[in-house]
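Worksheet: the structure to be examined is printed underneath.
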Amino acid sequence: RALWLEGNGLRSLENLGNLKELRCLYVQQNCLESLEGLEHNDLLDAVNASNNSIKRISHVKHLPRLNTLHLAHNRLADLADVEELAECKTVGVLDISNNKLEDPAIVDILAKMDNLHVLQMQGNPVNRKIQHYRKTIVARCRKLTYLDDRPVFEDERRTVTAWARGGAGHKAEPNMDGTEGELTAVALCEALADGTFDKNKAHEAEKEERKLIREEKEEKERRNREAFREMMLDSRVKRIMQILPNSRLLKDVSEQAIEELAHRICQNPVHTNEVVGLARDETAIHAGAQLGGLYIITRGRLQMQKNGK
């Protein structure tokens, strides 16, 4: 299922047609100039051809199960060298880092890769030529979850989407009911290319989205704290309800009344949130006796003094 041929000085891929079950091919660090020779390996899932001399991506679009393609440190330079990627609909992991790509139009090709989730493109001259490089790539490759050196989290996806809509919203096609439609990757590209992208509106929209995300997180944290407090309260109530019925004072009290009393004790603690215990029988408390962490149930009046107050 896997074949390792790295570091052998290979100049071409030959005689692989009989390996019908081949899933992974590792041919990095050779002298390959193309990927010709994979025409009959329909089950290939991963190909690593990094550190070769490949000048053009070819002979891979026909592979119906190809998911991972590593072509870092090769000789890819022109747009024509990578145009076949637009027809690689199954490729989800693509590494074309450290090549010589310079044409910003490569973004159009990447945007056509419907299944692209991971993209490594650092080390190419084109990165400096694409306006707002990371935002543009994330906005146009809608399924991307990892770009270059860090992942694309949902928060970044939301802020980038807001940035794109704020700056190029005028390019969005309206819906049938007249409302603002979805901004396509092509429309964003047009706005960036023809100079109509409004940077001020884009930054304002991004700022508002960040504020909304922050508020949502704060609300979520508040709900989590409330849920935790409820859980702690329920736990204390259950524990107290196991103690109260053992007191002779509450022998004939209904379960509902005991539960209500337990809730009151937990919601109005004396000075700690823990119940140390309750006396099973009436207990005489002498003047001057120190009380610590006890909830006391008494039939008569009780005067308590702490620190002279």
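The values are calculated or read from the model by the stated rules, or taken from the named source; none is laboratory data. Since the structure is predicted, the reported quantities are computational estimates derived from the model, not experimental observations. Quick reminder, even Gly has a Cβ in these numbers, built from the backbone with ideal geometry, and neighbours come from all protein chains shown. Remember, those area values only see protein heavy atoms, side chains included, never the ligands or the DNA or RNA. Shrake-Rupley method; radii C 1.70, N 1.55, O 1.52, S 1.80 Å.
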Every residue from region 75-114 that is of a type in the set (Gly, Ala, Ser), more than 25 Å from the chain's Cα centre (by Cα) and closer than 21 Å to residue 44 by Cβ: 86
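Determine if region 87-100 includes at least one residue that is under 18 Å from residue 116 (Cα atoms), open to solvent by 60 Å² or more (accessible area, probe 1.4 Å), part of a loop (DSSP other than H, G, I, E, B) and modelled with pLDDT under 95.
Yes - at least one qualifying residue is present in region 87-100.
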What is the one condition in (1) part of a loop (DSSP other than H, G, I, E, B); (2) loosely packed, with under 15 Cβ neighbours inside 10 Å that residue 80 does not satisfy? (1)
Being within 27 Å of the chain's Cα centre (by Cα) and within 17 Å of residue 193 (Cβ to Cβ) is the requirement here; does residue 131 meet it? yes
Which pairs turn up if I take residues in region 118-144 that are under 21 Å from residue 172 (Cα atoms) and look for partners that are β-branched (Val, Ile, Thr) and in a loop (DSSP other than H, G, I, E, B) with beta carbon separation below 7 Å, at least 6 apart in sequence or on another chain? 136/130; 138/152
Expected output for region 156-167 (first residue within 15 Å of residue 201 (Cβ to Cβ), partner part of a helix (DSSP H, G or I) and among the hydroxyl-bearing types (Ser, Thr, Tyr), Cβ below 6 Å, 6+ apart or cross-chain) is none
Hey, residue 108 within 24 Å of residue 163 (Cβ to Cβ), in a loop (DSSP other than H, G, I, E, B), open to solvent by 10 Å² or more (accessible area, probe 1.4 Å) and of a type in the set (Asp, Glu) or not: no
For region 26-38: of the residues being without any contact (Cβ under 8 Å) to a residue 24 or more places away in the chain and surrounded by 14 or more Cβ atoms within 10 Å (Cβ to Cβ), which is nearest to residue 86 (Cα to Cα)? 33
If you check every pair at least six apart or on different chains, which have Cβ atoms under 9 Å apart with a residue in region 1-25 that is closer than 17 Å to residue 36 by Cβ and part of a loop (DSSP other than H, G, I, E, B) first and a residue that is among the aromatic types (Phe, Trp, Tyr) and open to solvent by less than 100 Å² (accessible area, probe 1.4 Å) second? 5/26
